[in-house]
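Read the structure below first, then the notes.
The values are calculated or read from the model by the stated rules, or taken from the named source; none is laboratory data. This structure is a prediction, so every number in the text was calculated from the model and none was measured. No Cβ is skipped: glycine too gets one built from the backbone with ideal geometry, and neighbour counts run over all protein chains shown.
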Amino acid sequence: DQQVKQNSPSLSVQEGRISILNCDYTNSMFDYFLWYKKYPAEGPTFLISISSIKDKNEDGRFTVFLNKSAKHLSLHIVPSQPGDSAVYFCAASALYNNNDMRFGAGTRLTVKP
Amino acid sequence: DAGITQSPRHKVTETGTPVTLRCHQTENHRYMYWYRQDPGHGLRLIHYSYGVKDTDKGEVSDGYSVSRSKTEDFLLTLESATSSQTSVYFCAISEGGSSYNEQFFGPGTRLTVL
């Protein structure tokens, strides 16, 4: 039972354009959401997060949007750079079970020069 | 970078053999986690620890056991490895519980069970 879903396995964008990565969740108890970035042969690294009391969080070129009614969040990268090419994982957790973070399957982003 | 190392980084073993993976941290973080990463599944939590000798099960704990005798070390044991346990294993640490604390991941261990 996959509670966090990333339906696009891959995404390709041109350098300088916007990258939009999407994530859907089914558990309405999730109240904290994170994005991790992973390069080959390395562990995931934290990118950005958002609490359910917010609908937007911005950090430089990265913005995460949360739509609680739709159980949907998205990561926007503007402008995209070749160094952003990586696998991006969406993750979610709930306060009542806060050591059980659920991850999506990941989206491989390729930014072409 | 958070001080997390995993050993071994690669291992090939045969079905039915015991395997132990080690995670070592130098950050003195209270929480430690073991995940496995498989295509189409992302990362799934196997076990976690919230202190020395304090551990609990995660989403996919069957066939795995853990031990934490020191703050800095968290061991994952496959008592009798099966081919379905072929995966990439990641250790992670955090200062607090995962909800509001960033997790820092190790470099991973690629395990192949033949």
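Computed quantities for the displayed model
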| read-out | value |
| --- | --- |
| Residue that is surrounded by the fewest Cβ atoms within 10 Å (Cβ to Cβ) [pool: residues in the stretch A:91-107 that are more than 17 Å from B:ASP56 (Cα to Cα) and touching a Leu at 6+ places or on another chain (Cβ under 7 Å)] | A:THR107 |
| Selection from the stretch A:50-61 of residues that are crowded, with 18+ Cβ neighbours inside 10 Å and within 11 Å of chain B (Cβ to nearest Cβ) | none |
| Residue in the stretch B:50-61 that is on the phi < 0 side of the Ramachandran plot, more than 14 Å from every other protein chain (Cβ to nearest Cβ), crowded, with 16+ Cβ neighbours inside 10 Å and in contact (Cβ under 8 Å) with a residue 12 or more places away in the chain present | no |
| Residue that is part of a strand (DSSP E or B), of a type in the set (S, T, N, Q) and farther than 14 Å from A:SER10 by Cα, where the choices are A:SER69, A:SER80, A:SER74 | A:SER74 |
| Residues being over 21 Å from A:LYS112 (Cα atoms), of a type in the set (S, T, N, Q) and part of a loop (DSSP other than H, G, I, E, B) - total across the stretch A:1-46 | 7 |
| Elements of type strands (runs of 3 or more DSSP E) contained in the stretch B:1-43, each with 1 or more residues being modelled with pLDDT of 95 or more, more than 11 Å from every other protein chain (Cβ to nearest Cβ) and within 17 Å of B:PHE105 (Cβ to Cβ) | B:4-7, B:19-25, B:31-38 |
| Number of positions in the stretch A:19-36 that are surrounded by fewer than 13 Cβ atoms within 10 Å (Cβ to Cβ) and either modelled with pLDDT of 95 or more or within 15 Å of B:LEU43 (Cα to Cα) (or both) | 0 |
| From the options A:VAL64, A:VAL111, A:VAL87, residue that is facing chain B (nearest Cβ under 10 Å), modelled with pLDDT of 95 or more, touching a strand residue (DSSP E or B) at 6+ places or on another chain (Cβ under 6 Å) and buried (at least 18 other Cβ atoms within 10 Å of the Cβ) | A:VAL87 |
| Residue within the stretch B:91-107 that is of a type in the set (Val, Ile, Thr) and surrounded by fewer than 22 Cβ atoms within 10 Å (Cβ to Cβ) present | no |
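Conditions tested, residue by residue: (1) over 25 Å from B:LYS57 (Cα atoms); (2) not β-branched (Val, Ile, Thr).
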| site | (1), (2) |
| --- | --- |
| A:ILE48 | yes, no |
| A:THR63 | yes, no |
| A:PRO79 | yes, yes |
| A:VAL87 | yes, no |
| A:ALA92 | no, yes |
| A:ARG108 | yes, yes |
